[in-house]
Amino acid sequence: MKLLRLLCLTILLSPVSALSAALPARAQAPHTVTIDFEQLRQEGLALAQEAAQRSQFQQYDIALQQVELATQLVPDDFRIWAVAADVYLRTDNLDKGIAALKTAEKLEPEDASIQLALGTAYFRQDQFQEAIRYYEKGVKLKPESPGALFDLGNAYYMTNELGKAIASYNKAVELGDDFWEAINNIGLVAYEQGDTDEAITQWTRAVSINAEAAEPKLALAAALYAQGKRFQAIRLAKQALKIDAQYSDIEFLRTQLWGDKLIESTESLLANSQFLN
């Protein structure tokens, strides 16, 4: 049984004093205990791999036990700390996740994925300047990653560095023509800057790439509605909300980085509930 194997590994890691306390209270012949460290390393790697798989299937309790034991068995392997961080972050334990990532960073400071994961963890804590610092490190190490550039753009957006946000989104689009999410967010920035025509252009482009994406459709609908193009706007809004009803929730829209101007336009559109039912 796997559980029995874990218990055996725990015993191997126990202090010598704890082991000796369990021995009979009679004279013992001196002996030497030989520990196979390579076997322990392989056990730790196997545990970390299994923990990663269990985490994907949301079996977090077992995954946490496995990965925490793996970090004890193999404390000098950055990959295991990265798996531990992933499990912590999936369970919203951001502080432990960041601590694990920083341990991984000390072991492997030139790994882009660790820097980017730290950026994401700090972003989730609303520590956007720290997020930018780590995202920038990650992008420097991995400049051809559209996803990394997109995340960096979002962090710039949250600190109101709109010019930098647009530049980062544009780089992401250049690297991936079908990256509609970055195109969508260029629209978000443009709308907050008062450039409605540019926002409409970007959202129209995003919809042409992915007709099943609710966000650019509803954003486009809100902008058109504000321009008085009500029939077209209501038709698009109906389509968007049929794809994903969450977009009728204003608080959800804020979590998707929608700014005040777009929120106001969307509220005006959604107020005409007789058209959207």
Of all residues in the stretch 132-170, which are small (G, A, S), within 25 Å of K102 (Cα to Cα) and either in the same structural domain as A190 (by TED's automatic domain parsing) or in a helix (DSSP H, G or I) (or both)? G138, G147, A148, G153, A155
Considering each residue of the stretch 178-203, count those that are over 22 Å from the mean Cα position of the chain (by Cα) and acidic (D, E), and give that number. 4
Looking at D92 and the list (1) part of a loop (DSSP other than H, G, I, E, B); (2) in contact (Cβ under 8 Å) with a residue 12 or more places away in the chain, which single condition is not satisfied? (2)
If you go through the stretch 227-238 one residue at a time, do you hit one that is under 22 Å from M158 (Cα atoms) and either of a type in the set (S, T, N, Q) or out of contact with any Gly (no Cβ under 7 Å at 6 or more places or on another chain) (or both)? no
Restricting attention to the stretch 171-214, report how many residues are more than 19 Å from I263 (Cα to Cα), among the hydrophobic types (A, V, I, L, M, F, W, C) and part of a loop (DSSP other than H, G, I, E, B). 2
Hey, among R235, R254, which residue is within 20 Å of N185 (Cβ to Cβ) and either at pLDDT below 95 or among the basic types (K, R) (or both)? R254
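The values are calculated or read from the model by the stated rules, or taken from the named source; none is laboratory data. None of the values given here were measured: they were computed from a predicted structure. Heads up, the Cβs are rebuilt from the backbone with ideal geometry, glycines too, and the neighbour counts pull from every protein chain shown.
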